[in-house]
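Taken together, the values in this text are just the output of simple stated rules run on the coordinates, not laboratory data. A quick note: this is a predicted structure, and the numbers were derived from the prediction, not measured.
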Amino acid sequence: MLLTISIVKLVAEIALLALAGQFVLGLLAGAKRDQNPFYQVLTLLGRPFVRLARIVTPRFVLDRHLPLVAFLILGFVWLAATMAKINHCLSIGVQLCQ
């Protein structure tokens, strides 16, 4: 159980950092961000979560807002996984969670 919670938390953390990095790099690179190889890698990492955000949101949500929606959903997933991990560690004992 602890391994599953940790995996969900880790995947959410990686995706959150990829989306945040994509946002910051997009601000720094400007109009040529699509030609930047690092931006392309971050886009590749975040793309499955942006597609998932498209599936769960209504059609009137603009495509340019989907990365923000995906970031917020992943933030809630990370928060839920963190709370579940704390809860689980308190129930089995903190020494077993290290």
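Quick one: P(r) of the chain from all Cα-Cα pairs, 5 Å bins, percents rounded to integers, in order of increasing distance.
2, 13, 19, 18, 15, 12, 8, 6, 3, 1, 0
Using alpha carbon coordinates only, what is the Rg to Rh ratio of region 35-75, with Rh defined as the Kirkwood radius?
1.01
From Cα pairs below 8 angstrom and at least 6 apart in sequence, can you work out the relative contact order of the chain, rounded to a whole percent?
40 percent
What does the extension gain come out to for Leu10 and Val61, with contour length at 0.36 nm per residue minus their alpha carbon separation?
Gain in length upon complete extension: 15.6 nm.
Can you give the angle from 0 to 90° between the axis of helix 2-29 and the longest principal axis of the chain, with both taken from C-alpha atoms, to the nearest 10?
With both axes taken from Cα atoms, the answer is about 20 degrees.
Against the longest alpha carbon principal axis of the chain, how many degrees, from 0 to 90 and to the nearest 10, is the axis of helix 37-56 turned?
Helix 37-56 sits at roughly 70 degrees to that axis.
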